[in-house]
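Asker: Provided herewith is a single structure, encoded as structure tokens, for subsequent inquiry.
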Amino acid sequence: MSITQNLTATSFSSSSSAFLAPSTFYSRSQVSLPVKSVGICKCVAAPQEADTVYKTKVSRNGNIAKLQAGYLFPEIARRRNAHLLKFPDAKIISLGIGDTTEPIPEVITSAMAKRSYALSTLEGYSGYGAEQGEKPVRSAIASSFYKDLGIDDDDIFVSDGAKCDISRLQIVFGSNVKMAVQDPSYPAYVDSSVIMGQTGFYQKDVEKFANIEYMKCKPENGFFPDLSSISRPDIIFFCSPNNPTGAAATREQLTQLVQFAKDNGSIIVYDSAYAMYISGDNPRSIFEIPGAKEVALETSSFSKYAGFTGVRLGWTVVPKQLLFSDGFPVAKDFNRIVSTCFNGASNISQAGGLACLSPEGLKAMREVIGFYKENTDIIVETFDSLGFKVYGGKNAPYVWVYFPGRSSWDVFSEILEKTHVVTTPGSGFGPGGEGFVRVSAFGHRENVLEACRRFKQLYK
């Protein structure tokens with residue numbers, strides 16, 4: 001069959017365009033030319049076959065593929081947004097992710113503004129800085145938080161936050177190590193271990209990754225693990241005050257932890273991001289414990305002290321006495337990683353950090369922390385009055401509420417659906433968090449009061 005015949009035989013669902021219709025063309029001399037009758041062809045885009053999508057020959061990182069779901073807090077944000085689509089007029093109150101809400105004190109922001117404006121002048125401009133941080137900032141951190149503890153300025157590495165340093169430390173340790181973590185604990189410890197290839201696969205029956213020692217921290221043991229039941233780890237992640245439980249380890253408990261690390265030749269990564277929230281005489285630094293410099297390093301942050309969750313500034317202390325099994329200093333390897341992976345904290349952020357550690361800045365930070373601690377009191381009193389078992393709050397900006405016999409995610413969903421308040425499911429911090437919900441004290445006072453009013457209405 002000819003092309004013309006084929007086109008003519010084709011049926012079409014759309015109407016023909018006028019300029020393609022059969023017609024006769026007349027010239028000025030009225031010469032008639034025959035025109036062949038043609039059919040109309042409609043162009044339809046063929047659906048793209050899935051197997052035609054271009055793929056590289058690079059394999060996916062199998063360690064990342066081990067992760068079971070998205071990181072906890074983006075998943076909470078996703079559910080919050082879905083809830084808002086369902087209830088567009090709801091006034092959602094977020095007491096979930098631990099993000100600060102109160103303004104940064106002016107004594108701090110004015111220092112950042114001054115440094116920022118100075119960058120527009122020849123005299124005040126500066127480019128790349130030292131990867132380890134500006135010396136005045138390192139000195140101020142040493143004198144403010146580690147006075148008389150034997151920590152030198154050059155033991156301190158200034159960074160863009162403790163969370164970032166956790167991953168840099170994991171690069172230092174490599175894949176051939178065994179981790180121990182508090183259970184429950186901040187999810188970045190486990191997730192970074194999985195990504196580095198330190199773990200086996202996720203075991204659904206026990207909700208744990210293989211080759212990680214989960215140190216159970218429950219109300220029954222005062223949220224401090226039974227170290228005698230733990231097999232030898234290489235690296236011990238330990239956060240005090242703990243996120244999410246809010247428990248602050250005592251001097252006796254930390255002495256046990258340091259001795260356990262010495263007996264096993266382990267390294268403690270001590271996360272002190274909430275140390276300024278401690279009210280009693282609990283240690284604020286692992287280096288208050290004799291012998292700790294030989295087995296521990298410490299990471300911390302300005303995020304929850306000065307509202308720097310967006311500004312980004314933290315630090316890690318790696319004592320010279322901390323050595324690998326071959327005698328090589330851990331600080332030298334960490335310095336190598338920092339110099340390779342990082343160009344140093346923002347000079348504007350560091351100006352803010354220096355202002356934080358001035359007498360006026362320290363006073364201002366304590367006032368902000370005091371405000372959040374008043375919020376924790378309100379939340380604790382609310383759940384206490386409703387008959388719940390409540391933990392934390394005293395030495396941390398988190399309240400840990402027990403819902404016996406219930407799934408953490410179910411409670412999270414119930415609270416969100418019925419009160420429009422975002423919390424954090426305890427199981428997101430590890431299997432030891434199942435049955436608990438974390439309520440953050442980071443919020444404007446009127447929002448915290450309103451949230452507590454809604455809690456009372458739901459659980460009265």
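Asker: Size of the dipole of segment 135-287 about the Cα centre, Lys and Arg at +1 and Asp and Glu at -1 on the beta carbon, nothing else charged, in debye to 20?
Answerer: 120 debye
Asker: Okay, moving on. Determine the alpha carbon to alpha carbon distance for each of K218/K394; K86/K418; K216/K389; K218/K262; K86/K304; K418/K456 and list only those over 21 Å.
Answerer: Those over the limit are K218/K262; K86/K304.
Asker: What is the percent of Cα-Cα separations in segment 281-417 that go past 22 Å?
Answerer: 60 percent
Asker: For the chain, with all protein chains present and a 1.4 Å probe, just round the carbon and sulfur fraction of the accessible area to a whole percent.
Answerer: C and S atoms contribute 54 percent here.
Asker: Considering Cα pairs under 8 angstrom that are at least six residues apart, work out the relative contact order of the chain and quote it in whole percent.
Answerer: For the chain, the relative contact order is 19 percent.
Asker: If you count only protein heavy atoms and use a 1.4 Å probe, how large is the accessible surface of L386, to the nearest 10 Å²?
Answerer: Counting only protein heavy atoms, the figure is 40 Å².
Asker: With r as the distance between the Cβ atoms of S126 and K320 and R0 = 25 Å, compute the FRET efficiency 1/(1 + (r/R0)^6) and round to 0.05.
Answerer: Efficiency, rounded to the nearest 0.05: 0.30.
Asker: Under 8 Å for C-alpha pairs, at least 6 residues apart: give me the relative contact order for segment 139-203, rounded to a whole percent.
Answerer: 27 percent.
Asker: Enumerate the helices in the chain for which the Kyte-Doolittle hydropathy averages -1.0 or more and the C-alpha atoms extend at least 18 Å along the helix's axis, using complete DSSP H runs.
Answerer: Passing helices, by number: 72-86, 251-264, 359-385, 445-459.
Asker: Expressed in nm to one decimal, what extension gain is obtained for the pair D205 and R60 from 0.36 nm per residue of sequence separation less their Cα-Cα distance?
Answerer: So the chain would gain 49.6 nm between D205 and R60.
Asker: Residues of the chain: accessible area per residue at 1.4 Å, in Å²?
Answerer: Value for the chain: 50 Å² per residue.
Asker: What do you reckon, how do R138, R366, R438 stack up by accessible area (1.4 Å probe), largest on top?
Answerer: R366, R138, R438
Asker: Which Cα, out of G150, G392, G443, lies furthest along the positive dipole direction of the chain (beta carbon charges, K/R +1, D/E -1)?
Answerer: With unit charges placed on the Cβ atoms, the residue in question is G443.
Asker: Can you pull the one-decimal nm distance between simple spin-label points at S358 and S175, each 7 Å off the Cα toward Cβ?
Answerer: Each label point lies 7 Å from its Cα, and together they span 4.9 nm.
Asker: How far apart, in nanometres, would the label points at S167 and S279 be if each is projected 7 angstrom from Cα along the Cα-to-Cβ direction?
Answerer: The modelled label-to-label distance comes out at 3.6 nm.
Asker: Moving to a separate point now. Need one number: the % of Cα-Cα pairs in segment 106-357 sitting beyond the 31 Å mark.
Answerer: Looking at segment 106-357, the distances longer than 31 Å represent 24 percent of pairs.
Asker: Could you pull out the GluC sites (Glu not before Pro) across segment 100-158 that fall in loop regions by DSSP (anything but H, G, I, E, B) with no more than 16 other Cβ atoms inside 10 Å?
Answerer: Passing both the DSSP loop test and the Cβ count: E123.
Asker: Tell me whether segment 199-337 comes out rounded, prolate or oblate; compute the Cα gyration tensor, take square roots of the eigenvalues as a ≥ b ≥ c, and use a/c under 1.5 as the rounded threshold.
Answerer: Judged from the Cα gyration tensor, segment 199-337 comes out rounded (a/c under 1.5).
Asker: I would also like to ask the following. Semi-axes, largest first, in whole Å: what does sqrt of 5 times each Cα gyration tensor eigenvalue give for the chain?
Answerer: Square roots of five times the eigenvalues give 55, 30, 27 Å.
Asker: Keeping every protein chain in place, order K293, K86 by accessible area at 1.4 Å, biggest value first, i.e. largest first.
Answerer: K86, K293
Asker: Continuing with the same structure: What do you reckon, how do T299, T100 stack up by accessible area (1.4 Å probe), largest on top?
Answerer: Order by accessible area, largest first: T100, T299.
The values are calculated or read from the model by the stated rules, or taken from the named source; none is laboratory data. Computed from a predicted structure; not experimentally measured. Reconstructed Cβ throughout: ideal geometry from the backbone, glycine too, with neighbour counts over all protein chains shown. Please note that ligands, DNA and RNA were not included when accessible areas were found on the heavy atoms of the full protein model with its side chains. Shrake-Rupley method; radii C 1.70, N 1.55, O 1.52, S 1.80 Å.
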